[in-house]
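Report on the structure given below.
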Amino acid sequence: MATEKAKNAASASAALKAAMEKAAALRKSKQAELEPAVQEETQEVIQETAQEPNVEEPEPDVEEPALLFRCHGCGRGFASSEELGSHVLKNAAACSGPAWQAAANAIGCMPGAGTTLWCPACPDDFIGKWTGSITKAAALLRHASCPNNAPEAHAWFLKALTDLILAEPPAPGPPPVAVTPENEATEAAGGSTSSVAQEFVSAEDGASQSLRLQDWISSSPPVMGVVGPLLAKPGPAAREAAREELETSLSSRGCAIGKAPLPFGAEARGQDEDDSPAKKRKKKVKKDDVEGPAYDFYNQDIPMDVFLEAQDPTHRTADGVPVLDLLDSDEEAEEQKAEDITEL
């Protein structure tokens with residue numbers, strides 16, 4: 001009985017071993033059949049991957065700085081006051097023109113105010129110095145941005161004026177709307193790699209801007225003090241009044257401003273008028289001293305050498321100095337001469 005069981009177990013073990021060898025042989029044959037197909041599929045995947053363009057990974061989002069400083073003219077935002085000041089100075093006529101016009105209108109409606117603005121940075125001896133109507137006050141800012149003479153004086157005046165407006169500016173309007181020009185938008189749609197520059201258009205209408213500037217004028221901003229001298233008669237006195245108003249208003253608000261170049265400040269700072277460019281051109285070379293006595297012709301003392309050397313050209317006779325009768329005429333003298341000749 002035990003021998004039969006041992007035989008059965010041996011036969012079962014041999015059958016199992018044979019089945020396992022058969023399965024291993026079948027697995028190897030199948031792998032040999034599938035290996036070329038797998039290699040071809042792997043090669044195709046590698047080629048497709050090589051042909052695909054490199055896809056750049058998206059850059060992490062960088063937090064943009066907060067635009068805390070907004071322009072009172074166009075409404076654009078800036079990260080610092082220095083950027084805002086540079087923007088307003090570069091676009092003085094566009095951004096500060098409406099505010100300057102509102103200040104000029106407020107002063108121009110007062111009794112006795114002039115109707116013509118003039119540029120204090122233009123020298124008095126310059127033939128083409130700028131003047132313009134009070135209704136076009138922004139033209140003064142455009143003139144100061146591109147002057148034909150005295151560039152340093154015009155730059156100082158424009159910088160001081162825009163800084164004074166920024167010292168107490170109007171409330172900014174709504175942010176502008178970014179618009180892409182049509183030609184550049186077409187290039188971008190066609191796949192052009194050039195950067196597309198955007199233009200900003202104001203989203204505020206004229207009525208809203210006028211109301212906003214009227215509220216600003218009602219607070220009496222310091223720039224209104226500069227309008228008065230520029231509506232007065234052009235001259236050194238009015239120029240010095242404008243310069244003094246700019247320097248005083250800015251210094252009282254902690255704004256640093258440099259020394260105003262000529263033609264500003266010649267009289268107020270005690271500068272010699274001969275130092276002006278016009279006087280320097282007219283200066284003559286000093287002549288050599290002439291030998292001889294130096295007399296003072298502005299008093300009543302007569303030098304003795306002049307008195308002794310003086311000669312009297314008057315014809316004198318024993319009867320005295322003949323008196324010239326102004327009523328005598330040349331005709332009577334000729335008749336008397338003819339009678340004397342006849343008697344002879």
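The values are calculated or read from the model by the stated rules, or taken from the named source; none is laboratory data. Since we're looking at a predicted model, the values are computed, not measured. When we count neighbours, we look across all protein chains shown, and the Cβ atoms used for this are built from the backbone with ideal geometry, even at glycine.
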**Request:** Give me the pairs, please: first residue somewhere in segment 69-88 and more than 16 Å from residue 213 (Cβ to Cβ), second residue anywhere and among the hydroxyl-bearing types (Ser, Thr, Tyr) and in a loop (DSSP other than H, G, I, E, B), beta-carbon distance under 7 Å, and either six or more positions apart or on two chains.
**Result:** 69/80
**Fill in**
Of the conditions (1) in a helix (DSSP H, G or I); (2) of a type outside the set (Ser, Thr, Tyr); (3) at pLDDT 80 or above, the single one that residue 187 does not satisfy is (3)
**Item:** Residues within segment 120-144 that are touching a helix residue (DSSP H, G or I) at 6+ places or on another chain (Cβ under 6 Å) and not aromatic (Phe, Trp, Tyr), tallied
**Value:** 10
**Message:** Any residue at all in segment 21-43 that's modelled with pLDDT of 70 or more, in a loop (DSSP other than H, G, I, E, B), over 18 Å from residue 167 (Cα atoms) and out of contact with any helix residue (DSSP H, G or I) (no Cβ under 7 Å at 6 or more places or on another chain)?
**Reply:** no
**Message:** For the structure I just gave you, tell me whether residue 158 is in contact with a Leu (Cβ under 6 Å, 6 or more places away or on another chain), closer than 17 Å to residue 93 by Cβ and either surrounded by fewer than 22 Cβ atoms within 10 Å (Cβ to Cβ) or not small (Gly, Ala, Ser) (or both).
**Reply:** no
**Request:** Could you please find all residues in segment 222-251 being under 17 Å from residue 262 (Cβ atoms) and buried (at least 21 other Cβ atoms within 10 Å of the Cβ)?
**Result:** 239, 242, 243, 246
**Prompt:** Out of the residues in segment 190-210 that are surrounded by fewer than 11 Cβ atoms within 10 Å (Cβ to Cβ) and assigned to a helix (DSSP H, G or I), which is modelled with the lowest pLDDT?
**Reply:** 206
**Request:** Considering only segment 129-146, state which residues are of a type outside the set (Lys, Arg) and assigned to a loop (DSSP other than H, G, I, E, B).
**Result:** 130, 137, 146
**Fill in**
Screening 94, 99 for residues that are in contact (Cβ under 8 Å) with a residue 24 or more places away in the chain and either within 15 Å of the chain's Cα centre (by Cα) or crowded, with 18+ Cβ neighbours inside 10 Å (or both) leaves only 99
**Message:** Restricting to segment 211-221, name every residue that is surrounded by fewer than 12 Cβ atoms within 10 Å (Cβ to Cβ) and part of a helix (DSSP H, G or I).
**Reply:** 211, 215
**Item:** Condition met for residue 138 (free of Cβ contacts under 8 Å to residues at least 60 places away in the same chain and closer than 21 Å to residue 239 by Cα)
**Value:** yes
